[in-house]
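For reference, the structure is listed below as structure tokens.
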Number of protein chains: 2
Amino acid sequence: MAPHATPQGLGEFDLIRQYFERPVRRAALGIGDDCALLQPGAGCQLAVSSDMLVQDRHFFADADPFQLGHKALAVNLSDLAACGASPLAFTLALALPAADAAWLAPFSRGLLALADRHGCELVGGDTTRGPLNICITVFGEVPAPAGRSQALLRCGARCGDDIYVSGTLGDARLALEAIRGEWTLPAALRKRACTRLHQPEPRVALGQALRGLATSAIDISDGLLGDLGHVLKASGVGARLDAPCLVDRMACHGPALDAVVPAEHQLRCVLAGGDDYELAFTAPADRRDAVAAAAQHSATPVSRIGTITARGGLQVVDAQGAAITGHWASFDHFC
Amino acid sequence: MAPHATPQGLGEFDLIRQYFERPVRRAALGIGDDCALLQPGAGCQLAVSSDMLVQDRHFFADADPFQLGHKALAVNLSDLAACGASPLAFTLALALPAADAAWLAPFSRGLLALADRHGCELVGGDTTRGPLNICITVFGEVPAPAGRSQALLRCGARCGDDIYVSGTLGDARLALEAIRGEWTLPAALRKRACTRLHQPEPRVALGQALRGLATSAIDISDGLLGDLGHVLKASGVGARLDAPCLVDRMACHGPALDAVVPAEHQLRCVLAGGDDYELAFTAPADRRDAVAAAAQHSATPVSRIGTITARGGLQVVDAQGAAITGHWASFDHFC
């Protein structure tokens, strides 16, 4: 509770001014008062999400600070994407062991570069000394004309809907395992996987393009099966996923990976790897053209991977429709 | 990054459901999807503030969890109060060493009891394993008819304005020093001081009553001089504080305290103690009746403690108008 001196002698307010304070364009008031002031557009709802990143849990102590700044915001923007919201602003609460310029400068560059790309302004927050902890709360707008929200929710999947995922899955998990020494990957593959782990790209444009089209959506942070499970539970439905549509879902997929990692383990990474920050969503089977157009409009690859079923539970089936079983535990922070 | 088992075997989602999830009344969507959805009132701006509480920095390891839950939200509501905003909702991001029911149950009770008193709904957040860290982001509404915000800001103090503070100052600091063993207080005084430290009451009703009346406002978290200094800097003015109006500002003030703590140190606690969560604000000298009415309407004691001056800087003067000097450093998390 008592103030401590830092090697650089950089105070709390200097730190904020130097690395984080910039004029706001869209917010009514940014950093520097007791509160920031946001003015959501007329007829819009405000979508809010908060994610906390903790050292040794979400990143390693030697994590590149530029990538960490990027990722801390990316995982939050991914929640806005899953809601179909347009990014507006965010707050940053940061606990730091010390006010270290060599860390803060690249961290803020990585953070603000991604923020700029999505027109998402840093409007406030908090800094304090403590074990490294990055907590971002992000705000986006969702049209709600006449009070009817266009937000994409988890509860709208219906029997017969197609199930889609964006981009690629499983590479972040593969990178984590490679870093832990469980696999020795060729350099190019390791780099590709590590970029997916350390610098995920939130699917913000796709989320917006899916408004009025997807019947449900979620972002895949804890693993496809676990996160899709939330959709199924909220919607009161089941799902059948086609393994042949999943095995080549990794960005690292190919003979070079097959030579090192068994196909069965690759499927495990795709189904339950986590840290993907892709969107899983459902849409009516008669809207396939519209989904393809949304994918094209948002320049985001999208794959159809299965079907929503009336019966509860989630089945993974092979090309012949036979169920594949496996122990694919989803990520849980406390279990 | 790998899941860990907890003694209770309580998973992340069970934990949220059991201790924090409740139906929302005002928000369009609460806990359970990728984002919460807020629908600010027509013609309102959204006031946003975020505060992070870290063990050994903002509270001790043996802090009472009920009081800690209360305080974590109170310090955030205090920022809304300083803005004149009406509480609406909040998110909670929580890093915990373990999912310990004996801690979580009273923590959530303290948190939600204060939330209920202010009609402030828990709409979302995050839980993860890590060194104890509590990050709350709070949302309030401020009327902004025709785009003219009624938010109380730091930049509006004008020469000749009266300076006020709510409630009492310095007791939280006194409690901290007593806990550290620097003073041995009589039991009743120690209890009174500790309540001010551990369970501050945010001045939410006063903040709202001051809309359209106070020319500036700030909440006192780092100490009166330091926080008032932010107002002076933002407003481009100076201030003269009357020591005789300050010496009896402590809730613990009286002969029993005088017998233990020198008057000079009491003044130091009042001026630069911190953790007070009272409001400091300015208002035109011809609105004293209106300020008294706002104080009465909000059932909040308010004291006039000085005057805004044209010249920069902040002077504390005695009954004869002579400047009192002292080293009253304000709190800084990194210096």
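Within chain B, helices built from complete DSSP H runs that reach 20 Å or longer along their own axis (Cα positions) and carry a mean Kyte-Doolittle hydropathy of 0.0 or higher are B:65-83, B:101-117.
Mean partner shielding of peptide A:120-130, defined as the number of other chain Cβ atoms within 10 Å of each residue Cβ, is 5. Calculation over all alpha carbon pairs of segment B:162-324 in 5 angstrom steps from 0 returns a P(r) of 2, 9, 19, 21, 20, 15, 9, 4, 1, 0 percent.
With a sphere of radius 14 Å drawn around the Cβ of B:A93, what net charge do the other residues whose Cβ falls strictly inside it have (Lys, Arg +1; Asp, Glu -1)? Around B:A93, the surrounding residues sum to -4. Straight Cα distances below 29 angstrom link B:K233 to the lysines B:K71, with same-chain residues fewer than 8 positions distant left out. Taking 10 °C and 1.306 mPa s as conditions, segment A:181-244 diffuses translationally at an estimated 108 µm²/s according to Stokes-Einstein applied to its Kirkwood radius (Cα pairs).
Sorted from closest to farthest, the other copies place their A:P244 label points 9.3 nm away, with each point set 7 Å from Cα along Cα→Cβ. If you build a Gaussian network model of chain B, linking Cα atoms that sit under 10 Å apart, which residue out of B:R240, B:R25, B:R109 swings the most? In the Gaussian network model the winner is B:R25. Once the Kirkwood radius over Cα pairs is known for segment A:203-294, the Stokes-Einstein relation at 4 °C and 1.567 mPa s delivers a diffusion coefficient of 89 µm²/s. Among beta bridges from DSSP that stay inside segment A:162-324, the antiparallel ones total about 85%. For chain A, the mean residue ellipticity at 222 nm estimated from helices alone is -9500 deg cm²/dmol, where every DSSP H run of n ≥ 4 contributes -39500 (n - 2.57) and the total is divided by all residues, rounded to the nearest 500. Across segment B:12-147, the relative contact order, built from alpha-carbon pairs under 8 Å that are at least six residues apart, equals 39 percent. Here the scattering of the protein assembly as shown is modelled by Debye summation over its C-alpha atoms, one equal scatterer each and no solvent; at q = 0.06, 0.11 Å⁻¹ the log10 of I(q)/I(0) is -0.36, -1.07. What percent does the relative contact order of chain B come to when contacts are Cα pairs within less than 8 Å and at least six residues apart? With pairs under 8 Å counted, the relative contact order is 22 percent.
Shape class of chain B from the alpha-carbon gyration tensor: oblate, with a/c at 1.5 or above and b/c at least as large as a/b. Distances between copies at A:Q199, taken between label points 7 Å from Cα along the C-beta direction, are 5.2 nm in increasing order. Model label sites at B:H265 and A:A322, defined 7 Å from Cα along the beta-carbon direction, differ in position by 8.2 nm.
Across the identical copies, the 7 Å label point of B:G160, projected outward along Cα→Cβ, sits 7.5 nm from its counterparts, in ascending order. Counting only DSSP beta bridges whose two residues both lie in chain B, roughly 75 percent are antiparallel.
Restricting to bridges with both residues inside segment B:12-147, how much of the DSSP beta-bridge set is antiparallel, in percent to the nearest 5? Spell out each step's value before the answer.
Details: 21 of 31 bridges.
Roughly 70 percent of the DSSP beta bridges within segment B:12-147 come out antiparallel.
Loop-located chymotrypsin sites (Phe, Trp or Tyr not before Pro) across segment B:47-106 with a Cβ neighbour count of 16 or fewer within 10 Å are B:F60, with loop assigned by DSSP.
Name the shape class, rounded, prolate or oblate, that the alpha-carbon gyration tensor gives for segment A:83-229, where a ≥ b ≥ c are the square roots of its eigenvalues, rounded holds for a/c under 1.5, and otherwise prolate holds if a/b is larger than b/c and oblate otherwise. The shape class here is oblate. The alpha carbons of segment A:12-147 give a radius of gyration and a Dmax of 14.8, 50 Å, in that order. Checking the cross-link filter: which aspartates and glutamates have an alpha carbon closer than 17 Å to that of B:K191, excluding same-chain neighbours under 8 positions apart? Output for B:K191: B:D62, B:D64, B:D171, B:E177, B:E182, B:E201, B:D258, B:D275, B:D276.
The distance separating the Cα centre of segment B:192-212 from that of segment A:228-269 comes to 53 Å.
Each value in this text was obtained by applying a stated rule to the coordinates, not by laboratory testing. Every value quoted in this text rests on a predicted model; they were computed, and no experiment measured them. Heads up, the Cβs are rebuilt from the backbone with ideal geometry, glycines too, and the neighbour counts pull from every protein chain shown.
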